[in-house]
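Take a look at the structure below.
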Amino acid sequence: MIITYHGEGGFRLQNGDFSLLVDPPTGQFKANIILKTLTPTNLGEVSPQEIVFPGEYEISGVEVLGVSLGSESTDKFLKTIYLVSWDEVEFAFLGHISKIPNSEILDKIGEPDLLFLPVGEHFLSHEAAARLVRQIEPALAIPTFSKNPGGFLRALNQKAEPIEKFVFKKKDLVGQKNRALIFTT
């Protein structure tokens, strides 16, 4: 599987010819599944491959659970986190959260292999993000929206070299715990 970063909260995950896109920065990107974690409440039509609301979905063997962040949503925007199970790898995309989720949502998140969490201004502080990583215990933690990933790394007491893309198989995650993965901007 290959993960590439496209800026802000945007990531592409690809396995063979199948791809999943999370929060694409523009409409120019194409994928088999597109997840949007921040959706206008007055949204019109969406394309068949877009998942923009809470619920359970299954597309070509990829299972997606969208969980509403009702306490963080507003009259104008709905915030959703997504839990994805794909080729025996568990992903959690926390989208646009600004505070640590309640225990009910944390139970749903479980212990994903890869945790994508927003860090920085308008999102989780470096310290809150590090606390959440320690609480959830993913194999890999990937900060999104971060203008200063160094602060997140310091809060986790880690060092990491920024990478352009991450190529892995499930077996590569065995034995990993709370390791930060930083993408170049």
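Among the conditions (1) surrounded by 14 or more Cβ atoms within 10 Å (Cβ to Cβ); (2) under 29 Å from residue 104 (Cβ atoms); (3) of a type outside the set (A, V, I, L, M), residue 18 misses just one, which is (2).
Selection of region 87-124 for residues being among the polar types (S, T, N, Q) and free of Cβ contacts under 8 Å to residues at least 24 places away in the same chain yields only 103. Scoring residue 41 on the criteria (1) open to solvent by 50 Å² or more (accessible area, probe 1.4 Å); (2) within 17 Å of the chain's Cα centre (by Cα) leaves a single failure, condition (2). All told, residue 72 falls short of being modelled with pLDDT of 95 or more, open to solvent by 10 Å² or more (accessible area, probe 1.4 Å) and more than 14 Å from the chain's Cα centre (by Cα). Scanning region 88-110 for residues that are surrounded by 13 or more Cβ atoms within 10 Å (Cβ to Cβ) and part of a loop (DSSP other than H, G, I, E, B) gives 94, 95, 96, 97, 98, 99, 100, 101. Could you tell me which residue of region 112-123 is nearest to the chain's Cα centre (by Cα), considering only residues that are modelled with pLDDT of 95 or more and either open to solvent by 60 Å² or more (accessible area, probe 1.4 Å) or aromatic (Phe, Trp, Tyr) (or both)? If we take residues in region 112-123 being modelled with pLDDT of 95 or more and either open to solvent by 60 Å² or more (accessible area, probe 1.4 Å) or aromatic (Phe, Trp, Tyr) (or both), then 116 is nearest to the chain's Cα centre (by Cα). Which residues, taken from region 21-54, are within 14 Å of residue 76 (Cα to Cα), among the hydrophobic types (A, V, I, L, M, F, W, C) and outside any loop (DSSP other than H, G, I, E, B)? Listed by number, the list holds a single entry, 38.
Which residue out of 57, 82 is free of Cβ contacts under 8 Å to residues at least 60 places away in the same chain, part of a strand (DSSP E or B) and touching a strand residue (DSSP E or B) at 6+ places or on another chain (Cβ under 9 Å)?
Numbers: 82 fails: free of Cβ contacts under 8 Å to residues at least 60 places away in the same chain.
Being free of Cβ contacts under 8 Å to residues at least 60 places away in the same chain, part of a strand (DSSP E or B) and touching a strand residue (DSSP E or B) at 6+ places or on another chain (Cβ under 9 Å) holds for just one of 57, 82, which is 57.
The values are calculated or read from the model by the stated rules, or taken from the named source; none is laboratory data. Small disclaimer: the values here were computed from a predicted structure and weren't measured. FYI the Cβ positions are ideal-geometry reconstructions off the backbone, even for glycines, and counts take in every protein chain you see. Only protein heavy atoms, including side chains, enter the accessible area calculation; ligands, DNA and RNA are left aside. Shrake-Rupley method; radii C 1.70, N 1.55, O 1.52, S 1.80 Å.
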